[in-house]
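Accompanying notes for the structure given below.
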Amino acid sequence: MPQNVPSFDELFEAAQHSAVHLEMRDQYAVGDEADDFDTWLATGRRDADPASEYWAPWVGMISAAVARGVVVRRARIVSEPVTDYIRYEHAGTVVNATAGELVRWLPRPRAVDLMLPPADLWIFDGAQVVFNHFTGDGNWADPDMELRAEPGIVKQCSDAFEAVWERAIPHDQYEIR
């Protein structure tokens, strides 16, 4: 990102009211979770300790945001039957919820009539969108983030997120298939 664009952590720390995340891929391959994913594939056990070295930075950031009144929501659009990666994400979502995130799942067939952006994204306070860019195999692309604040783009992305959220199934009710 250019020097004058805030980092993701800075954007999150500056959020005052809301931070929403839309995930639409069935497979990610980002390096910071590769070891945990490989362990889960081999053993079926997922690090679900909010205080672990793996989770503590995320839990701290989310907990701090929630404590100052930020509503943090995450919606995941998934194909069914789900991929191993989505099973892995589902197994760790208890930590997201413990930190204060509200998480919902939307089976892809229930999203076919929605107009969705072409990339995963975060929306902060309904004013800024951070698009997350990935390669075809699910790793971070270069650049991996793109910050946009044009009102039309923010509105389109916010409307898309809200449409997904309205249809999606709360985490504690969603059963992996």
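The values are calculated or read from the model by the stated rules, or taken from the named source; none is laboratory data. It should be emphasised that the depicted structure is a prediction, and the values quoted were computed from it without experimental measurement. Heads up, the Cβs are rebuilt from the backbone with ideal geometry, glycines too, and the neighbour counts pull from every protein chain shown.
Identify the single condition in (1) of a type outside the set (Lys, Arg); (2) free of Cβ contacts under 8 Å to residues at least 12 places away in the same chain; (3) part of a loop (DSSP other than H, G, I, E, B) that Pro117 does not satisfy, given that it satisfies every other one.
Here Pro117 clears every test but (2).
Hey, among Asp137, Asp144, which residue is assigned to a strand (DSSP E or B) and at pLDDT below 95? Walk me through how you get there before you give the answer.
Values: Asp137 fails: assigned to a strand (DSSP E or B).
The match here is Asp144.
With the checklist (1) out of contact with any Ser or Thr (no Cβ under 7 Å at 6 or more places or on another chain); (2) at negative phi in hand, flag the one item Gly69 doesn't pass.
The failed condition is (2).
Please enumerate the residues belonging to segment 31-44 that are loosely packed, with under 14 Cβ neighbours inside 10 Å and either among the β-branched types (Val, Ile, Thr) or touching a residue at least 12 places away in the same chain (Cβ under 8 Å) (or both).
Taking segment 31-44 first, the residues loosely packed, with under 14 Cβ neighbours inside 10 Å are 31-32, 34-35, 38, 41-44.
Answer for segment 31-44, where residues must be loosely packed, with under 14 Cβ neighbours inside 10 Å and either among the β-branched types (Val, Ile, Thr) or touching a residue at least 12 places away in the same chain (Cβ under 8 Å) (or both): Gly31, Leu41, Thr43.
Please specify each residue of segment 109-128 satisfying the condition of being within 28 Å of Glu80 (Cα to Cα), within 16 Å of the chain's Cα centre (by Cα) and surrounded by 14 or more Cβ atoms within 10 Å (Cβ to Cβ). Show your work before the answer.
Taking segment 109-128 as the starting set, the residues that turn out to be within 28 Å of Glu80 (Cα to Cα) are 109-123.
Of the ones still in play, those that are also within 16 Å of the chain's Cα centre (by Cα) are 116-123.
Within segment 109-128, Leu116, Pro117, Ala119, Asp120, Leu121, Trp122, Ile123 qualify.
Counting just the residues of segment 154-177 that are exposed (fewer than 15 other Cβ atoms within 10 Å of the Cβ) and over 22 Å from Asn96 (Cα atoms), which one comes out farthest from the chain's Cα centre (by Cα)?
Going through the qualifying residues, I end up with Lys155.
Residues that are under 20 Å from Asn132 (Cα atoms) and over 17 Å from the mean Cα position of the chain (by Cα), at least 3 per element: which helices (runs of 4 or more DSSP H) completely within segment 1-106 meet that?
Details: elements: 8-14, 34-43, 56-67, 84-99.
Counting at least 3 such residues, we get no helices (runs of 4 or more DSSP H) at all.
Filter segment 1-13 down to residues that are modelled with pLDDT of 90 or more and surrounded by 13 or more Cβ atoms within 10 Å (Cβ to Cβ) and give me whichever is nearest to Trp165 (Cα to Cα).
Applying the first criterion (modelled with pLDDT of 90 or more) to segment 1-13 yields 6-13.
Pick out the ones that are also surrounded by 13 or more Cβ atoms within 10 Å (Cβ to Cβ) and you get 6, 8, 11-13.
Working: Pro6: 27, Phe8: 22, Leu11: 22, Phe12: 20, Glu13: 23 Å.
By that ranking, first place goes to Phe12.
Would you check if Phe134 is in contact (Cβ under 8 Å) with a residue 12 or more places away in the chain, under 27 Å from Glu33 (Cα atoms) and in contact with a Leu (Cβ under 9 Å, 6 or more places away or on another chain)?
Values: in contact (Cβ under 8 Å) with a residue 12 or more places away in the chain: yes; under 27 Å from Glu33 (Cα atoms): yes; in contact with a Leu (Cβ under 9 Å, 6 or more places away or on another chain): no.
No.
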